Amino acid sequence: MAATAREEGASGQERGQRGCEHYDRGCLLKAPCCDKLYTCRLCHDNNEDHQLDRFKVKEVQCINCEKIQHAQQTCEECSTLFGEYYCDICHLFDKDKKQYHCENCGICRIGPKEDFFHCLKCNLCLAMNLQGRHKCIENVSRQNCPICLEDIHTSRVVAHVLPCGHLLHRTCYEEMLKEGYRCPLCMHSALDMTRYWRQLDDEVAQTPMPSEYQNMTVDILDCEGFDCS
């Protein structure tokens, strides 16, 4: 159950209850924008008309002893561990998921770090098996998902890289495949269609042309750059 906003400490929350639906943590963040206490920035943003800047968080409140203190990994009063993982830049507290802070992305990513590399042109951390094998689009992660129109770069939902280089949330990609297989931005195939095209070629090869058409050729006009409507 997510912790709700509180301005008077952790009263109203069962003592010892950890975290919210987004993160497992033993503290509340004191929002520098409104001085309210929330379990995480997402809980804050869902309840307020403004966003919490995670980088400006200076203080947290222990969920056990309720002491407000400087943001740190362990409570200075009762030694409660606020998070197995803690980033003192993003002020991210959570279970250990092999997270790491990427300086180029500017935020924390779920690792392990050795399984990812940062593509400077795409400006995004990608799986090592995509190194040298993906199509780069400059700052592609700074664009919103074309399906749900929500942020990709800071989203907790994993991004899926299409063969054309565009990004979708993994969940949006899976939903898209129920209706079609083309990238919604450039209309290129979102799947490896090699086997399908080979299957069509085999079917064509097994269907002989009538003798009167076997040596016939047709010139095809490339409409790119022309109005062929």
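Subtracting the Cα-Cα distance of residue 129 and residue 186 from 0.36 nm times their residue separation leaves 18.1 nm of extension gain.
So with the 1.4 Å probe, I'd like the accessible area per residue for the chain, rounded to whole Å². Working shown, then result.
Working: 14710 Å² over 229 residues.
That works out to 64 Å² per residue.
Under a Gaussian network description of the chain, with springs only between Cα atoms under 10 Å, the residue in 36, 178, 56 that fluctuates furthest is 178. Across the options 177, 155, 112, the greatest Cα extent toward the positive end of the charge dipole of the chain (unit charges at beta carbon of Lys, Arg, Asp, Glu) belongs to 112.
Within the range 143-202, the ratio Rg/Rh, alpha carbon atoms throughout and Rh by Kirkwood, equals 1.05.
Computed with the Debye formula from one identical point scatterer per Cα of the range 100-142, without solvent, the log10 of I(q)/I(0) at q = 0.25 Å⁻¹ comes to -0.87.
Cross-link partners for residue 98 among the lysines, with Cα-Cα distance under 28 Å and sequence neighbours closer than 8 places in the same chain left out: 30, 56, 58, 113, 121, 135.
Kirkwood hydrodynamic radius for the range 41-108: how many Å is it when counted over pairs of different Cα atoms? Hydrodynamic radius (Kirkwood, Cα pairs) of the range 41-108 is 13.1 Å. What angle do you read, to the nearest 10 degrees and between 0 and 90, between the alpha-carbon axis of helix 194-205 and the longest principal axis of the chain? Roughly 20 degrees between the two axes.
Here the extension length gained between residue 79 and residue 218 equals 42.1 nm, from 0.36 nm per residue of separation less the Cα-Cα distance.
Normalising the average separation of contacting C-alpha pairs (under 8 angstrom, six or more residues apart) by the number of residues puts the relative contact order of the chain at 9 percent.
Helical content of the chain, expressed as a calculated mean residue ellipticity at 222 nm, amounts to -3000 deg cm²/dmol (DSSP H runs of 4 or more residues, -39,500 (n - 2.57) each, divided by residue number, nearest 500).
Computed about the Cα centre, the dipole magnitude for the range 143-202 is approximately 80 debye when only Lys and Arg (+1) and Asp and Glu (-1) carry charge, each at its Cβ. The Cβ shell under 11 Å around residue 161 holds other residues with a net charge of +3, Lys and Arg each +1, Asp and Glu each -1.
Taking 1 over the mean of 1/r across every pair of different Cα atoms in the chain, what Kirkwood radius in Å do you get?
Values: mean 1/r = 0.0467 Å⁻¹.
Taking the inverse mean of 1/r over all distinct Cα pairs, the chain comes out at 21.4 Å.
For the chain, which whole-number percentage of the solvent-accessible area (1.4 Å probe, protein heavy atoms only) is attributable to carbon and sulfur atoms? Using a 1.4 Å probe with all protein chains present, the chain comes out at 48 percent carbon and sulfur.
In order along the range 65-71, the phi-based Karplus estimate (6.51 cos²θ - 1.76 cosθ + 1.60, θ = phi - 60°) of 3J(HN,Hα) comes to 9, 6, 6, 8, 8, 4, 4 Hz; Gly and Pro are listed as x. When only the Cβ of Lys, Arg, Asp and Glu is charged (+1, +1, -1, -1), the dipole of the range 97-208 relative to its Cα centre reaches about 380 debye.
The values are calculated or read from the model by the stated rules, or taken from the named source; none is laboratory data. Since the model is a prediction, treat every value here as computed from it, not as a measurement. When we count neighbours, we look across all protein chains shown, and the Cβ atoms used for this are built from the backbone with ideal geometry, even at glycine. Accessible surface is based on the protein model in full, side chains and every heavy atom, while ligands, DNA and RNA are left aside. Shrake-Rupley method; radii C 1.70, N 1.55, O 1.52, S 1.80 Å.
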